[in-house]
Amino acid sequence: MVNIEAQVRVAASLERVWEIFTDLTCWGDWSTVLTGVEARGAACLMEGGRFRCCLRPYVLPIFFEAVVEEVVPLQKILWVGGRYGVRGRHEFLFEADGEGTLLTSREALTGL
């Protein structure tokens with residue numbers, strides 16, 4: 001298993017960060033890791049929702065579909081997906097602080 005954790009502080013309100021993060025139509029404006037994000041149904045991340053995208057790793061792009069398993073408004077989003085024998089569980093935690101919003105990303109990869 002590989003675990004990856006990162007944090008970023010965004011100079012914007014929790015509500016604004018949540019609004020932009022959950023709207024898949026604007027991911028192309030800020031995400032350089034997941035490209036070609038395409039909703040399967042509603043364009044907003046919600047429990048049970050699905051989206052397709054391309055993970056831009058160092059060598060070859062990897063296309064996959066993710067399923068949103070949990071959404072706690074203004075606090076947490078969890079999705080899972082997999083491809084080529086690798087399964088990923090990606091959790092995002094949102095927290096307001098004095099300087100804006102702290103966004104924590106936790107990813108657990110299992111498989112090959």
Checklist entry - Each label point is 7 Å from the Cα along the Cα-to-Cβ direction; what then is the distance between the points at Ile62 and Glu99, in nm? => result 3.2
Checklist entry - Tell me, what ³J(HN,Hα) does each residue in the stretch 84-95 have, in order and in whole Hz, if you take phi through Karplus 6.51 cos²θ - 1.76 cosθ + 1.60 with θ = phi - 60° and put x for Gly and Pro? => result 6, x, 10, 10, x, 10, 10, 10, 10, 10, 10, 9
Checklist entry - Long-range amide H contacts for Arg40: which residues qualify at under 5 Å (H placed 1.01 Å from N, peptide plane, sequence gap of 5 or more or a different chain)? => result Arg50, Phe51, Arg52
Checklist entry - Residue by residue through the stretch 23-36, which ³J(HN,Hα) values in whole Hz follow from phi under the Karplus form 6.51 cos²θ - 1.76 cosθ + 1.60 (θ = phi - 60°), with glycine and proline marked x? => result 9, 5, 5, 10, 4, x, 7, 9, 9, 9, 9, 9, 10, x
Checklist entry - Remind me, relative contact order of the chain in percent, using alpha carbon pairs under 8 angstrom and six or more residues apart? => result 30
Checklist entry - Over the chain, what lengths in whole Å, largest first, do the semi-axes of the equivalent ellipsoid take, defined as the square roots of 5 times the eigenvalues of the alpha-carbon gyration tensor? => result 23, 16, 14
Checklist entry - Along the stretch 103-108, what does the Karplus equation 6.51 cos²θ - 1.76 cosθ + 1.60 (θ = phi - 60°) give for ³J(HN,Hα), rounded to whole Hz, x for Gly and Pro? => result 10, 10, 10, 10, 10, 10
Next on the checklist: Under a Cβ-only charge scheme (Lys and Arg +1, Asp and Glu -1), can you give me the dipole magnitude of the chain about the Cα centre, in debye to the nearest 20?
Outcome noted: 500
Checklist entry - Regarding the stretch 62-105, what whole-number volume in Å³ per residue does the convex hull of its Cα atoms give? => result 72
Item to check | Of all accessible heavy-atom area on the stretch 48-112, the percent that carbon and sulfur account for (1.4 Å) | outcome: 56
Checklist entry - So how much accessible area does Leu103 have, in Å² to the nearest 10, using a 1.4 Å probe? => result 20
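The values are calculated or read from the model by the stated rules, or taken from the named source; none is laboratory data. Just so it is clear, the model here is predicted, and its values are computed rather than measured. Every residue, glycine as well, gets a Cβ built from its backbone with ideal geometry; the counts of neighbours run over all protein chains shown. Keep in mind that these areas ignore ligands, DNA and RNA; they rest on the heavy atoms of the full protein, side chains included. Shrake-Rupley method; radii C 1.70, N 1.55, O 1.52, S 1.80 Å.
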